[in-house]
1. Share of the chain's accessible area from carbon and sulfur, percent, 1.4 Å?
2. Accessible area per residue, 1.4 Å probe, Å², for segment 20-85: what's the number?
3. Got a sec? What order do 261, 121, 15, 68 fall in by accessible area at 1.4 Å, biggest, i.e. largest, first?
4. In the Gaussian network model of the chain, springs joining C-alpha atoms below 10 Å, which of 85, 165, 257 carries the largest mean-square fluctuation?
5. How many Å² of accessible area per residue for segment 92-287, probe 1.4 Å?
Amino acid sequence: MGELPLDINIQEPRWDQSTFLGRARHFFTVTDPRNLLLSGAQLEASRNIVQNYRAGVVTPGLTEDQLWRAKYAYDSAFHPDTGEKMVLIGRMSAQVPMNMTITGCMLTFYRKTPTVVFWQWVNQSFNAVVNYSNRSGDAPISVGQLGTAYVSATTGAVATALGLKSLTKHLPALVGRFVPFAAVAAANCINTPLMRQRELQVGIPVTDEESQRLGHSVAAAKRGIFQVVISRICMAIPAMAIPPVIMDTLEKKDFLKRRPWLGAPLQVGLVGFCLVFATPLCCALFPQRSSLHVSRLEPELRARIHEQNPDIEVVYYNKGL
């Protein structure tokens with residue numbers, strides 16, 4: 001076997017990102033919970049393989065499949081813009097196990113106000129970590145900004161859940177089961193923009209096709225955050241809409257009536273099954289490296305780009321996750 005060639009483009013995902021199928025295959029790999037089991041040493045080894053290859057140094061005996069495995073292990077733990085190692089629960093590979101547990105508990109313990117408040121708080125705390133860990137760009141965020149965003153998002157989610165809960169008191173029990181989903185959908189519209197407010201203030205990096213940075217754009221940040229909010233809401237629909245219907249039917253059967261303790265683990269399992277597919281498929285709704293026509297950028301940035309390179313018509317940006 002000869003040495004691995006240096007023309008493999010590991011700056012981009014392995015599969016064609018211009019198609020939904022290619023993006024889905026990419027995100028099934030990115031969100032694979034098995035990535036959480038990788039040790040610190042394995043992640044460092046993967047980072048060394050990737051960085052050496054990008055620098056033109058091939059690890060002896062390295063195969064193409066091993067290179068791609070190293071790239072996806074590296075991408076699963078390190079932020080694409082800052083290069084910093086993300087906290088464990090903030091990684092996309094933690095989405096399924098974390099959301100499975102939190103969502104399952106929200107759908108199970110939706111009847112009493114204290115449990116509604118507690119699980120909405122847990123969910124928004126988790127979302128805050130995920131939104132910060134997977135933000136776009138490398139602009140620093142102050143502790144004060146993070147604190148304000150976290151408190152505002154959590155308060156909004158809890159208030160929405162309690163308000164909807166009070167409105168469904170006299171409605172069928174099945175309707176009450178959908179309160180957590182409505183609260184989560186509303187909270188995503190609050191949490192994501194607030195936790196990424198720095199992007200809306202200073203913009204996110206935009207590049208040309210060769211990944212050369214051209215400047216920062218608030219317009220690109222708004223578009224990216226909007227795409228993430230849509231993906232997050234769509235991600236929650238199967239996990240929070242299908243299990244309530246199934247559980248409402250099962251709880252009327254003698255099997256669960258005699259074994260009420262099975263309700264919570266069964267609901268968590270149903271949510272997990274939905275999330276295994278919903279998480280990567282909804283992440284794939286929009287390209288990770290999204291594009292924007294130059295005409296839709298801010299006038300100052302548009303003018304600077306046209307002055308430096310009048311042939312550029314489209315810019316690219318990392319929308320975040």
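1. On the way: 9720 of 15640 Å².
Accessible surface attributable to carbon and sulfur in the chain totals 62 percent.
2. Working: 3350 Å² over 66 residues.
About 51 Å² of surface per residue is accessible.
3. Working: 261 175, 121 120, 15 60, 68 15 Å².
Ranked from most to least accessible, the order is 261, 121, 15, 68.
4. 257
5. Values: 8600 Å² over 196 residues.
That works out to 44 Å² for each residue.
The values are calculated or read from the model by the stated rules, or taken from the named source; none is laboratory data. As the structure is a computational prediction, the values presented were derived from the model and not from experiment. Note: areas computed on protein heavy atoms with side chains; ligands, DNA, RNA excluded. Shrake-Rupley method; radii C 1.70, N 1.55, O 1.52, S 1.80 Å.
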